[in-house]
Amino acid sequence: MKTKKPCAECPFRSTAPAGWLGPWSVDEIAACAHSEGGLACHMDVNKKGEGLPIEEYAQCVGAILHANKTFKRYQNPRLAEMQRLTKAEDLAGILGFEFKTYHSKVRK
């Protein structure tokens, strides 16, 4: 992980603009966050959704915290270690089960 805290614009923060997920749907982001392949930080992904090779991308810290908050336990050793290193206070301001509802709000 590049950082132990999510980026200021991280879609897993409760302060993120509702519905702003780039070219991906809320279901696609949620599925990736819960997948064993991990989810690249949005700072490592370009507008077309193409990014670095999987070995080189920075894992989204917000996705790891979201997984913790929704009781997802990774089997992938890399992701499981990141989960293990988080603390309870890291979960403040992170969207959990409300992620899909929050980002499904209609933008005006």
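Which of (1) in contact with a helix residue (DSSP H, G or I) (Cβ under 9 Å, 6 or more places away or on another chain); (2) surrounded by fewer than 16 Cβ atoms within 10 Å (Cβ to Cβ); (3) under 21 Å from ASP27 (Cα atoms); (4) not β-branched (Val, Ile, Thr) is the odd one out, the single condition LYS105 does not satisfy?
Unmet condition: (1).
Name the residues in region 35-52 that are at pLDDT 65 or above and not hydrophobic (A, V, I, L, M, F, W, C), would you?
SER35, GLU36, GLY37, GLY38, HIS42, ASP44
Restricting the search to region 11-27, which residues are out of contact with any strand residue (DSSP E or B) (no Cβ under 7 Å at 6 or more places or on another chain) and not in a loop (DSSP other than H, G, I, E, B)?
Those that are out of contact with any strand residue (DSSP E or B) (no Cβ under 7 Å at 6 or more places or on another chain) and not in a loop (DSSP other than H, G, I, E, B): VAL26, ASP27.
Let me spell it out: the conditions are (1) modelled with pLDDT under 80; (2) of a type in the set (Lys, Arg); (3) touching an Asp or Glu at 6+ places or on another chain (Cβ under 8 Å), and LYS5 meets all of them except one. Which number is the exception?
In the conditions (1) modelled with pLDDT under 80; (2) of a type in the set (Lys, Arg); (3) touching an Asp or Glu at 6+ places or on another chain (Cβ under 8 Å), LYS5 misses (1) alone.
Return the residue satisfying two criteria in turn: it lies in region 71-108 and is in a loop (DSSP other than H, G, I, E, B) and either under 12 Å from the mean Cα position of the chain (by Cα) or of a type in the set (Gly, Ala, Ser) (or both), and of such residues it is modelled with the lowest pLDDT. Show your work before the answer.
Restricting attention to region 71-108, the residues satisfying the condition of being in a loop (DSSP other than H, G, I, E, B) are 71-76, 86-87, 92-93, 95-98, 104-108.
After this cut, where a residue has to be either under 12 Å from the mean Cα position of the chain (by Cα) or of a type in the set (Gly, Ala, Ser) (or both) as well, the list is 92-93, 95-96, 104.
Working: ALA92: 93, GLY93: 94, LEU95: 96, GLY96: 95, SER104: 89.
Within region 71-108, the match that is modelled with the lowest pLDDT is SER104.
How about region 60-102: which of its residues are more than 23 Å from GLU28 (Cβ to Cβ) and of a type in the set (Ser, Thr, Tyr)?
THR86 - this is the single residue of region 60-102 that is more than 23 Å from GLU28 (Cβ to Cβ) and of a type in the set (Ser, Thr, Tyr).
The values are calculated or read from the model by the stated rules, or taken from the named source; none is laboratory data. Fair warning: this is a prediction, and the values are worked out from it, not measured in the lab. With ideal geometry, Cβ positions are generated from the backbone for all residues, glycine too; neighbour counts draw on all protein chains shown.
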